[in-house]
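The values are calculated or read from the model by the stated rules, or taken from the named source; none is laboratory data. None of these values were measured; they are calculated from a predicted model. All Cβ positions, glycine included, derive from the backbone under ideal geometry; neighbour counts span all protein chains shown.
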């Protein structure tokens, strides 16, 4: 799987551990920055990351900022993106299984590298459910996207 990873300056230290872990799982990484600890606005990185998902260059995205909240808000502004903050294993896999989430957001100031690795593993191994209820609800989300 091709996975796009990005962070702002607050998430940058954890992003490196995330990138290494994604690669260790056998996935290809597209890194959209940031590339150092210099201040960068998270909406800029979120736009770059989500464009890779929307274009099909990446199947899923992982964004790391201070809390994950700003990244999630910014990513969800983009049509076709379903982003969720995931700080526990259950949310990391269920967000994909039930809601077809395509961008997971993690807070570097909330979780450490060990938990981040578990979150990434859970998120990337999850598959969207074939359950009719889950599929219907995600179709409703698509319709909401289309309404603008």
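In this structure, is residue 56 surrounded by fewer than 21 Cβ atoms within 10 Å (Cβ to Cβ) and under 14 Å from residue 4 (Cα atoms)? Give the steps one after another, and end with the answer.
Numbers: surrounded by fewer than 21 Cβ atoms within 10 Å (Cβ to Cβ): yes; under 14 Å from residue 4 (Cα atoms): yes.
Yes; evaluated as a whole, the condition is true for this residue.
Please count how many residues of region 1-16 are more than 20 Å from residue 38 (Cα to Cα) and more than 15 Å from the chain's Cα centre (by Cα). Explain how you work it out, then say what you get.
From region 1-16, those more than 20 Å from residue 38 (Cα to Cα) are 1-4; that's our starting set.
With the extra rule that they be more than 15 Å from the chain's Cα centre (by Cα), the set shrinks to none.
Of the residues in region 1-16, 0 are more than 20 Å from residue 38 (Cα to Cα) and more than 15 Å from the chain's Cα centre (by Cα).
Could you list all residues from region 17-33 that are on the phi < 0 side of the Ramachandran plot, within 15 Å of the chain's Cα centre (by Cα) and either modelled with pLDDT under 95 or part of a loop (DSSP other than H, G, I, E, B) (or both)?
Hits for region 17-33 are 27, 32.
Would you tally the residues in region 34-70 being within 13 Å of the chain's Cα centre (by Cα), assigned to a helix (DSSP H, G or I) and farther than 16 Å from residue 108 by Cβ?
7
Would you confirm whether any residue within region 86-98 is touching a strand residue (DSSP E or B) at 6+ places or on another chain (Cβ under 9 Å), assigned to a strand (DSSP E or B) and either surrounded by fewer than 20 Cβ atoms within 10 Å (Cβ to Cβ) or at negative phi (or both)?
Just the residues of region 86-98 that are touching a strand residue (DSSP E or B) at 6+ places or on another chain (Cβ under 9 Å), to begin with: 86-87, 91-92, 95-96.
Within this subset, residues satisfying the condition of being assigned to a strand (DSSP E or B) are none.
Within region 86-98, not a single residue is touching a strand residue (DSSP E or B) at 6+ places or on another chain (Cβ under 9 Å), assigned to a strand (DSSP E or B) and either surrounded by fewer than 20 Cβ atoms within 10 Å (Cβ to Cβ) or at negative phi (or both).
Restricting to region 19-64, name every residue that is more than 20 Å from residue 127 (Cα to Cα) and in contact (Cβ under 8 Å) with a residue 40 or more places away in the chain.
Across region 19-64, the qualifying residues are 46, 48, 49, 64.
Does region 58-71 hold any residues that are more than 16 Å from residue 22 (Cα to Cα) and touching a helix residue (DSSP H, G or I) at 6+ places or on another chain (Cβ under 8 Å), and which are they?
Step one: filter region 58-71 for residues more than 16 Å from residue 22 (Cα to Cα), giving 65-71.
The answer is 65, 70, 71.
From the list 53, 4, 69, 101, pick out the single residue that is modelled with pLDDT of 95 or more and more than 24 Å from residue 137 (Cβ to Cβ). Let's see the steps before the verdict.
On the way: 53 fails: more than 24 Å from residue 137 (Cβ to Cβ); 69 fails: more than 24 Å from residue 137 (Cβ to Cβ); 101 fails: more than 24 Å from residue 137 (Cβ to Cβ).
Every option except 4 fails the conditions.
Which condition breaks for residue 109 when tested against (1) within 15 Å of residue 7 (Cβ to Cβ); (2) surrounded by fewer than 18 Cβ atoms within 10 Å (Cβ to Cβ); (3) without any contact (Cβ under 8 Å) to a residue 40 or more places away in the chain?
Condition (3) is where residue 109 drops out.
Check 73, 106, 110, 81 and return the single one that is in a strand (DSSP E or B) and either under 16 Å from the mean Cα position of the chain (by Cα) or on the phi > 0 side of the Ramachandran plot (or both).
Values: 73 fails: in a strand (DSSP E or B); 110 fails: in a strand (DSSP E or B); 81 fails: in a strand (DSSP E or B).
Being in a strand (DSSP E or B) and either under 16 Å from the mean Cα position of the chain (by Cα) or on the phi > 0 side of the Ramachandran plot (or both) holds for just one of 73, 106, 110, 81, which is 106.
Given (1) surrounded by fewer than 20 Cβ atoms within 10 Å (Cβ to Cβ); (2) free of Cβ contacts under 8 Å to residues at least 60 places away in the same chain; (3) farther than 19 Å from residue 107 by Cβ, identify the lone condition not met by residue 80.
(2)
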